[in-house]
Structure formats: structure tokens, C-alpha cells
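See structure below.
The values are calculated or read from the model by the stated rules, or taken from the named source; none is laboratory data. This one's a predicted model, so the numbers in the text were calculated from it and none came from an experiment. Glycine gets a Cβ as well: all are built from the backbone with ideal geometry, and neighbour counts include every protein chain shown.
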Amino acid sequence: MTLPVREAYAQWAPHYDSETAVTRLEDLMIRGLPRPAAGARVLDAGCGTGRRLRQLGHARPVGIDLTFEMLAHARARWPLAAADVRALPFPGPTFDAVFCRLVLGHVAQLSQAYGELARVSRQGATIVVTDFHAAAVQAGHRRTFTGADGRTHEVEHYVHTPDDHWRAARAAGLRLERSDNGVVGPDIRDVYAAAGKTAQYHAQAGLPLVLLIVCRAHSS
């Protein structure tokens, strides 16, 4: 059974910080990017439990998430609020960097979300988006989690290709700076092994699991 996004993450919240192959790979890709400067205003749109805010060094981060239960499990000392990425609660250009990580696959239409990410970005700001890769879905992967009842649940998810992201970003007035694929490889082999899925690791080696998009808000 596929659960609506809010219901799924409400159930997932108590165990959300447990690492998966996708979250490990996505985190490694983000850690490979330059950190926001000290004092920079940074938004994590879809921050979950707020754990990723700790990666932002001496920046001034703010997190928003759709699900109250996710925010209730946050142990972050930074400002957090319940909000939808398609209707961000900020009046205009506010942030020097915006992250939207593994969120937009839960949004049917990308245009409104990218429009909001662009709207709250200051001139010259960096916008970083990651998504569950369309190639992974084509290969049979699904957005799932294990509930408190021990059952595997699928989360409502929409497939967006790299071209879909690029078009939505350009339509929002953003300049595409980088696109990259995070693939199954040695960096996440131990995650497969810990789950008893070494055979799947070898079968999936080289498969893209995560799409990374880096954009820039126009400086003029």
C-alpha cells in the first residue's frame, strides 16, 4: 500500500535517522560541495528531523518540513517550522543558500516548488536539489520505509527525470551550474552488506540512485 507523504513521514519519524544506501550516497554528494560561508543565511527545505543542519558549519540555518512529527523528533538548536516547499513562509529573497534534499520526488509538479526556491533566494544564491533518480525507479527501486509494525510501506512518489528538473529550474529563472549522478559503488557497499544485500550490491553496481542539481540565482 502506498501512503500519502504526510502520513508516511509521520509514521517514519521515530526511525527516520537510520541510514540507507540512498541517504548515505546523497549525504556524500552534499559533503563534496563547498560549505556555505560563515554567517550565511541557509534554508533546508524539507529538513526532516533537522539532523542535516549540523553539516552547515557556522552558517545561520533555518529548516522547514511538511510533517509535524518529523520536527517533533528534531534535536537541532536552529529555527524550525512546519511548511510546504510549494508555499514557503518567507516574504521574499532571504537566503544565501537553499537546500532541498530528497523532497521533490514527493511533489507532482516541479514548477511551483522551483519557483518558491528561487523566490526566497537572494541574488547569486546557490540552490542545491537532490532527488531519487529516475533510473533507480526504472530499475525497480521504490521509496519505502519499515514501520513500527515491521511492515514495509511505500511512500507516494513521482518520477522526475534530469530534464524535468532542468526545465523547471530554468523556468524559475535559475541558472544550472552542475548536474551529477550518485551511483551504487564502493562508498555504500557496507550499507548493502549490513542489510544482507551483498548480491544486490553487485547486481546494481553503477546504477544511479541519486540525482544532484546545483543552480544559481541570477546575480543581475
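Restricting the search to the stretch 120-141, which residues are on the phi < 0 side of the Ramachandran plot and not in a strand (DSSP E or B)?
V120, H133, A134, A135, A136, V137, Q138, A139, H141
Within the bounds of the stretch 59-69, is there any residue that is part of a helix (DSSP H, G or I) and without any contact (Cβ under 8 Å) to a residue 40 or more places away in the chain?
Just the residues of the stretch 59-69 that are part of a helix (DSSP H, G or I), to begin with: 68-69.
Imposing the further condition that a residue be without any contact (Cβ under 8 Å) to a residue 40 or more places away in the chain reduces the set to none.
No.
Among V159, V184, which is the only one that is farther than 30 Å from H218 by Cβ and either of a type in the set (V, I, T) or loosely packed, with under 14 Cβ neighbours inside 10 Å (or both)?
The match here is V184.
From the list Q55, Q112, pick out the single residue that is touching a Lys or Arg at 6+ places or on another chain (Cβ under 9 Å), at pLDDT below 95, assigned to a helix (DSSP H, G or I) and within 27 Å of P162 (Cβ to Cβ).
Residue meeting the stated conditions: Q55.
Looking only at residues that are within 17 Å of the chain's Cα centre (by Cα) and charged (D, E, K, R) in the stretch 1-17, which one is farthest from E154 (Cα to Cα)?
Among those that are within 17 Å of the chain's Cα centre (by Cα) and charged (D, E, K, R), it is D17.
Between A148, A136, which is over 17 Å from A21 (Cβ atoms), hydrophobic (A, V, I, L, M, F, W, C) and touching a residue at least 12 places away in the same chain (Cβ under 8 Å)?
Answer to the selection: A148.
For the stretch 29-73, what are the residues that are farther than 24 Å from I188 by Cβ and loosely packed, with under 15 Cβ neighbours inside 10 Å?
Matches in the stretch 29-73: A37, A38, G39, G57, H58, F68, A72.
In the stretch 70-108, what residues are within 17 Å of the chain's Cα centre (by Cα), at pLDDT 95 or above and in a loop (DSSP other than H, G, I, E, B)?
A83, V85, R86, L88, L102, V103, V107, A108
From the list L211, L176, which residue is crowded, with 20+ Cβ neighbours inside 10 Å and out of contact with any Leu (no Cβ under 8 Å at 6 or more places or on another chain)?
L211
Only one of L43, L25, L33, L117 is touching a residue at least 40 places away in the same chain (Cβ under 8 Å), closer than 30 Å to D163 by Cβ, assigned to a loop (DSSP other than H, G, I, E, B) and among the hydrophobic types (A, V, I, L, M, F, W, C). Can you tell me which?
Going through L43, L25, L33, L117 in turn, just one is touching a residue at least 40 places away in the same chain (Cβ under 8 Å), closer than 30 Å to D163 by Cβ, assigned to a loop (DSSP other than H, G, I, E, B) and among the hydrophobic types (A, V, I, L, M, F, W, C): L33.
Which one of these does T152 not meet: (1) closer than 30 Å to P14 by Cβ; (2) buried (at least 16 other Cβ atoms within 10 Å of the Cβ)?
Every condition holds for T152 apart from (2).
Scan the stretch 184-199 and report the pairs whose first residue is modelled with pLDDT of 95 or more and whose second residue is surrounded by fewer than 11 Cβ atoms within 10 Å (Cβ to Cβ), with Cβ atoms within less than 7 Å and a gap of 6+ or a chain change.
These pairs meet every condition: V184/G206.
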